[in-house]
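Report on the structure given below.
The values are calculated or read from the model by the stated rules, or taken from the named source; none is laboratory data. This one's a predicted model, so the numbers in the text were calculated from it and none came from an experiment. Neighbour counts run over all protein chains shown; Cβ positions are idealised from the backbone, glycine included.
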Amino acid sequence: MRRVLMAAAVLGLGVSAVMAQQEVAVQQQNLMKSQGRSMYGVLNKMVKGDTPFDKAAADAALKALADDVAKIPTVFTTNPKEDVKDATFGASQKIWQNKADFDAKVPPVTKAIADAKFTDAASLKVAYDAIQAKCTGCHDDFRVKLK
């Protein structure tokens, strides 16, 4: 009986650890998706002319983006060692192999967002391109395509 209880406890701890790993991966993915909604769901659509320029909406998207970017070093503290099930992209293990380099990518993005000044779609495109250029470096180095 004692062995059965011990085995059940070990199994329970293992399941809890896997669930915790998945929660971390989901939290990381949700943060990146939130940034994507700001960049591509709002700003990029204005830049491409798919939606009309709306200064208030662009300002709100940049604020949300700035808030999310500031969370990156904290949210990516723990290595979940597994990806979100059925995800298209995941976090590269390079993040935790060189966390200092990963964290160093955040301030340039934060600065590009803070420097974003625009009054119309044309000037928004300039700001958008500057932010996108800073985001791409991190994506190229620390994101992996899963599907």
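Matching residues to (1) of a type in the set (Gly, Ala, Ser); (2) at pLDDT 95 or above:
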residue: Phe53; (1), (2): no, yes
residue: Asp59; (1), (2): no, yes
residue: Thr78; (1), (2): no, no
residue: Ser92; (1), (2): yes, no
residue: Asp115; (1), (2): no, yes
residue: Thr136; (1), (2): no, no
residue: Phe142; (1), (2): no, no
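What do you reckon, is Ala64 modelled with pLDDT of 95 or more, among the hydrophobic types (A, V, I, L, M, F, W, C) and touching a helix residue (DSSP H, G or I) at 6+ places or on another chain (Cβ under 7 Å)? So Ala64 fits the description; yes.
For the stretch 46-76, which positions are part of a helix (DSSP H, G or I), surrounded by 14 or more Cβ atoms within 10 Å (Cβ to Cβ) and of a type outside the set (A, V, I, L, M, F, W, C)? Selection gives Asp68, Lys71, Pro73. When the stretch 94-145 is filtered for residues that are surrounded by 12 or more Cβ atoms within 10 Å (Cβ to Cβ) and assigned to a loop (DSSP other than H, G, I, E, B), the ones remaining, listed by number, are Asn98, Lys105, Ala116, Phe118.
Name every residue in the stretch 26-82 that is among the polar types (S, T, N, Q) and over 15 Å from the mean Cα position of the chain (by Cα), in order of residue number.
Asn44, Thr51
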